[in-house]
Amino acid sequence: MSGSLAALFVSGFISATLFPGGSEALFIWMLQQPDYTGWQLWGAVSAGNALGGIVTLLMGLWLAARYPLRAPDKRWQKQAFGWLQRFGPWALLLSWLPLVGDPLCFVAGWLRLNFIFCLLMITLGKAIRYAGLLLILS
């Protein structure tokens with residue numbers, strides 16, 4: 001992977017963890033450059049973003065093993081908890097949403113939802129997001 005694609009991968013990864021960040025601007029800028037095809041960029045940013053969501057899921061799983069689950073007390077926690085209780089791993093198709101997506105991944109791990117199904121839903125949700133951007137901007 002070249003330096004530019006690696007930077008896009010890392011940007012996607014960081015923006016999908018609990019740290020603030022946005023990979024969309026870099027993705028959109030790189031789409032305007034002649035160096036890579038849109039689908040190459042889509043692959044790099046989708047992979048990084050999905051991996052970041054999976055790391056957040058694993059963080060929730062790790063904490064669940066150390067701390068008992070208690071009732072959520074913050075607004076974003078209540079919203080993520082409610083969605084996951086209602087829709088299960090399917091809610092992770094929305095893991096790309098700002099402010100709510102990262103907590104969804106975290107709470108899914110904390111609730112110990114089906115790991116493989118969660119991986120699939122996170123990856124699919126993140127990939128669809130960037131595919132939509134790619135198709136809109138191409």
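Just so you know, all these numbers are worked out from the coordinates, no wet-lab data involved. Predicted model only: the values in this text are computed from it and were never measured. Cβ coordinates were reconstructed from backbone atoms using ideal geometry, including for glycine residues, and neighbour counts include every protein chain displayed.
Just to check your reading of the model, which residue among Val55, Val45, Val10 is in a helix (DSSP H, G or I), under 27 Å from Phe115 (Cβ atoms), touching a residue at least 60 places away in the same chain (Cβ under 8 Å) and among the aliphatic types (A, V, I, L, M)?
Answer to the check: Val45.
Do you know which residues across segment 13-42 are within 21 Å of Cys118 (Cβ to Cβ) and assigned to a helix (DSSP H, G or I)?
Phe13, Ile14, Ser15
Identify, please: which residue in segment 72-113 is farther than 18 Å from Gly52 by Cα and not in a helix (DSSP H, G or I) and is, among those, farthest from the chain's Cα centre (by Cα)?
Asp73
With the condition kept exactly as written, say whether any residue in segment 62-79 is among the polar types (S, T, N, Q) and within 15 Å of Tyr130 (Cβ to Cβ).
No: segment 62-79 contains no residue that is among the polar types (S, T, N, Q) and within 15 Å of Tyr130 (Cβ to Cβ).
Tell me, yes or no, whether segment 102-109 has at least one residue that is surrounded by fewer than 19 Cβ atoms within 10 Å (Cβ to Cβ) and touching a residue at least 12 places away in the same chain (Cβ under 8 Å).
Checked segment 102-109: no residue is surrounded by fewer than 19 Cβ atoms within 10 Å (Cβ to Cβ) and touching a residue at least 12 places away in the same chain (Cβ under 8 Å).
Does Trp90 fit the bill of being out of contact with any Lys or Arg (no Cβ under 8 Å at 6 or more places or on another chain), surrounded by fewer than 16 Cβ atoms within 10 Å (Cβ to Cβ), closer than 17 Å to Arg129 by Cα and without any contact (Cβ under 8 Å) to a residue 60 or more places away in the chain?
So Trp90 fits the description; yes.
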